[in-house]
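See structure below.
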């Protein structure tokens, strides 16, 4: 049976032996907000609150939101050691990228996957914003002239 993110959040709190009050304090939201998360009164969890909740409970965002994969974020010390097969720094294609892109990839090495997912999401949102802004500016320019 499919569960909702609200049910998965309750499961994660139980697994971590944390109370709603502890979650509220840890992620800096009011208790009624956590109650809404836990009981379906709030339909979406996103942005900074999503990152804070998942970080505090050490759970994966994809699992919380969609029920995909494992609940637990793999701790850094348990991540597989870097090998040519899984270390992006050793990928020969990396040298084909501009230096700034290489630097970004190297900075991301060792980040929890949930943090990388959030960064990708945020960058996508930012790109969409600038694409809309550019389109609007070009349309205004054509209309003016």
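Rule-based calculations on the coordinates, nothing more; no lab input. Predicted, not measured: the structure shown is a model, and the values here were computed from it. Reconstructed Cβ throughout: ideal geometry from the backbone, glycine too, with neighbour counts over all protein chains shown.
Rounded to the nearest 0.05, what FRET efficiency do residue 99 and residue 127 give with R0 = 30 Å and r taken as the Cβ-Cβ distance? Could you check? Spell out each step's value before the answer.
Numbers: r = 21 Å, r/R0 = 0.69.
About 0.90, to the nearest 0.05.
Would you kindly state how much longer the chain becomes between residue 115 and residue 7 on full extension, computed as 0.36 nm times their sequence separation minus their alpha carbon distance, in nm to one decimal?
Value of the extension gain: 36.6 nm.
Give me the percent relative contact order of the chain, please, defined on Cα pairs under 8 angstrom at least 6 residues apart.
19 percent
Describe numerically, in nm with one decimal, the distance between label points set 7 Å from Cα along Cα→Cβ at residue 39 and at residue 139.
Using points 7 Å along Cα→Cβ, the separation is 4.3 nm.
Cut-off is 10 Å between beta-carbons; in what order do 128, 114, 24 appear when sorted fewest neighbours first?
128, 24, 114
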